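Values in this text are rule-based calculations from the coordinates and carry no lab data. This one's a predicted model, so the numbers in the text were calculated from it and none came from an experiment. Virtual Cβ from ideal backbone geometry, glycine too; neighbours counted across all protein chains shown.
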Amino acid sequence: MEEVTFFSENKVKEKLQVHFDGLQNQQVLYGKKVEKIFKRKNCTYIFFTSDDSPYEETLYITLIDSKGEVIESVELSKPYSPGILKDLIIKNDQTIEFKFWGDSINNLIIADKKKVHISHAIPSNGLRYSNKLSPSYLTIKD
């Protein structure tokens, strides 16, 4: 996994429009600011975007395929809770470690095959998954 550092972003109402070489289509994503973009070995991309409001922040993590289509996403937010994305560490092509709420460590796990996660159906601890009842690639673990 490698970080994408050269990209353009434009704000379109409440969403972001992002484009860079290698991505066939411009992406319209939730958030107001691109925090990080990573390209995986299988040519999928992980976007970390935020609302850019550290006093009540929302972090969006979106998995994009090689054609530029959104596969799925996870939203991290808690009312009246500050959040700052920091200390991102690429563990391997399937795991990114990061901090968002204080010093608690979270791990984004990107599976090679979709899996059913019962925990995705019940929003807990500020996590909301786009694929609640269907199999998904993304999981956040403490």
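Using the Cα atoms of the range 80-119, I'd like the radius of gyration and the largest Cα-Cα distance, Dmax, both in angstrom.
Spelled out, the Cα radius of gyration and Dmax of the range 80-119 are 12.3, 35 Å.
Assigning unit charges at the beta carbon (Lys, Arg +1; Asp, Glu -1) and nothing else, what dipole magnitude in debye, to the nearest 20, does the chain show about its Cα centre? Spell out each step's value before the answer.
Details: 20 positive and 20 negative charges, 75 e Å.
The dipole magnitude comes to about 360 debye.
Taking the Cβ of each residue in 71, 96 as the centre, tally the other Cβ atoms inside 10 Å and list the residues starting with the fewest. Don't jump to the answer; show the numbers that get you there.
Details: 71 17, 96 21.
Least crowded to most crowded, the residues run 71, 96.
Go through the range 59-110 and name the chymotrypsin sites (Phe, Trp or Tyr not before Pro) that are in a DSSP coil and have 15 or fewer other Cβ atoms within 10 Å of their Cβ. Let's see the in-between values first.
Values: sites: 60, 80, 98, 100, 101; in loops: 80, 100, 101.
Sparse-neighbourhood loop chymotrypsin sites (Phe, Trp or Tyr not before Pro): 80.
So for the pair residue 95, residue 141, with labels modelled 7 Å out along Cα→Cβ, what separation do we get in nm?
0.7
How large, in Å, is the range 15-142 by the Kirkwood hydrodynamic radius built from its alpha-carbon pairs? The partial results should precede the final answer.
Numbers: mean 1/r = 0.0674 Å⁻¹.
Evaluated over the range 15-142, this radius sits at 14.8 Å.
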